[in-house]
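Quick notes on the structure that follows.
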Amino acid sequence: MKPKLVVFTGAGISAESGIKTFRDSDGLWEEFNINDVATPQAWNKNKALVLDFYNKRRKQVLEAKPNNAHQALVTLEKKYDVHIITQNIDDLHERAGSKKVLHLHGEIIKSRSTTDSSLIYPIKGMELNIGDRCTRGSQLRPHIVWFGEQVPEMENAYLIAEKADIFMVVGTSLAVYPAAGLIDYTPRGIPKYLIDPGDVKVNGITNLTIIKEKAGIGLSMLAEKLLASTT
Ligand code: NAD
């Protein structure tokens, strides 16, 4: 059986594809107030503004391509049972070819019913607009977990992390909870790696190797090393 490699990714892994991160100084969110576009209150107050914000981000995602970091994770499937748990709402892991991807914060290429959350649809084209309805007749919203909402996939993510033989964290400031607490669910003794060019605060994590590089180069180097190792 292949060893289980669990990879926790954030906005940083898609930065080299040209998708802006969340907290970096030139980040997308500098231009917008989170409360105006990414909360249930914002949706209740101004649906058109929220839809417009996500329409712009969807366009950016659809025009972007997976980069070397996404590709490196695909190559690791040769030797490892790779499970990606991502905070990203883009689909670059899937488009690179990764097979097991769990989205904690939703997917920008999908919409969801506002009366029945089990009704999820692919968005045709770039836009979701006022008047786009589910099969039960209610307005569709972006299939995104907004700030202040529950993270329905969190339990599944814990179950995956608990079984990891190797754990990697790539391109996340570890600032958004509960997702950021995932590393605490991994077995204590296993090797853990963190790839990020910034100073990510991590305390009390055992067996952690920090690779202070951008994801493209850092992950390509680490993938080569893991593919060459005999364990
Ligand atoms: P974040 O913006 O808080 O942190 C980004 C991290 O990426 C930082 O630590 C930064 O140092 C690092 N980084 C920047 N460039 C990098 C590179 N080239 N390689 C590797 N790392 C790099 O993002 P987060 O921790 O993912 O949390 C933010 C939230 O915003 C998430 O919930 C996510 O859903 C959302 N988000 C998603 C996307 C996306 O889908 N691509 C983009 C922006 C924000």
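Any idea what the relative contact order of the chain is, in percent, if you count C-alpha pairs under 8 Å spaced at least 6 apart?
Numbers: 414 pairs, mean separation 55.7, N = 231.
Relative contact order here is 24 percent.
Return the sequence-ordered ³J(HN,Hα) values of the range 34-44 in whole Hz as given by the Karplus equation 6.51 cos²θ - 1.76 cosθ + 1.60 applied to θ = phi - 60°, using x for Gly and Pro.
Going residue by residue, I get 3, 5, 7, 10, 10, 9, x, 5, 4, 4, 5 Hz, with x marking Gly and Pro.
Please give the calculated 222 nm ellipticity per residue for the chain, where each DSSP H segment of at least 4 residues contributes -39500 (n - 2.57) and the sum is spread over every residue; nearest 500 deg cm²/dmol? Provide the component values of the computation, followed by the final result.
Values: 7 runs with 63 residues, N = 231.
Taken over the chain, the calculation gives -7500 deg cm²/dmol.
If you take every DSSP beta bridge whose two residues both sit in the chain, what share of them, in percent to the nearest 5, is antiparallel? Present the calculation step by step, with values, prior to reporting the outcome.
Values: 8 of 30 bridges.
Within the chain, antiparallel bridges account for around 25 percent of the total.
What is the angle, in °, between the Cα long axis of helix 47-63 and the longest principal axis of the Cα atoms in the chain? Nearest 10 is fine, range 0 to 90.
Tilt relative to the chain: about 40 degrees.
Under 9 Å from the Cβ of V61, count the other residues' Cβ atoms, weight Lys and Arg +1, Asp and Glu -1, and hand me the total. Kindly include the intermediate steps, with their values, before the conclusion.
On the way: positive: R57, R58, K59; negative: E63, D90, D91.
My count for the surroundings of V61 gives 0.
For Cα pairs less than 8 Å apart in space and 6+ apart in sequence, what is the mean separation divided by the residue count of the range 130-231, i.e. the relative contact order in percent? If you can, show how the numbers build up before the last one.
On the way: 107 pairs, mean separation 20.1, N = 102.
It rounds to 20 percent for the range 130-231.
Of A179, M154, Y121, whose Cα points farthest to the positive end of the dipole of the chain (charges on the beta-carbon: +1 Lys, Arg; -1 Asp, Glu; origin at the Cα centre)?
Y121
Under a Cβ-only charge scheme (Lys and Arg +1, Asp and Glu -1), can you give me the dipole magnitude of the range 85-150 about the Cα centre, in debye to the nearest 20?
Numbers: 9 positive and 8 negative charges, 39 e Å.
Charge dipole, the range 85-150, about its Cα centre: 180 debye, nearest 20.
Exceeding 23 Å between C-alpha atoms, which entries from my cross-link table qualify? They are K65/K100; K2/K65; K100/K163.
Numbers: K65/K100 19 Å; K2/K65 29 Å; K100/K163 15 Å.
With Cα atoms farther than 23 Å apart: K2/K65.
Could you work out the relative contact order of the range 70-199, using alpha carbon pairs under 8 angstrom and six or more residues apart, expressed as a whole percent?
Values: 176 pairs, mean separation 23.8, N = 130.
After rounding, I find 18 percent.
Where does the charge balance sit around E155 when Lys and Arg score +1, Asp and Glu -1, over other residues with C-beta under 14 Å from its C-beta?
On the way: positive: K163; negative: E153, E162.
Residues close to E155 contribute a combined charge of -1.
For the chain, just say rounded, prolate or oblate: build the C-alpha gyration tensor, square-root its eigenvalues into a ≥ b ≥ c, call rounded for a/c under 1.5, and beyond that prolate if a/b exceeds b/c, oblate if not. Please report the intermediate quantities before stating the final value.
Values: a/c = 1.85, a/b = 1.77, b/c = 1.04.
Because a/c hits 1.5 or more and a/b exceeds b/c, the chain counts as prolate.
Is the range 136-185 rounded, prolate or oblate when judged by the Cα gyration tensor, a ≥ b ≥ c being the square roots of its eigenvalues, rounded requiring a/c under 1.5 and prolate requiring a/b larger than b/c? Write out the running numbers ahead of the final one.
Numbers: a/c = 2.87, a/b = 1.98, b/c = 1.45.
Judged from the Cα gyration tensor, the range 136-185 comes out prolate (a/c at least 1.5, a/b above b/c).
Only the coordinates and a few stated rules stand behind these numbers; no lab work does. Since we're looking at a predicted model, the values are computed, not measured. Here the Cβ is made from the backbone with ideal geometry for all residues, glycine too, and neighbour counts use every protein chain on show.
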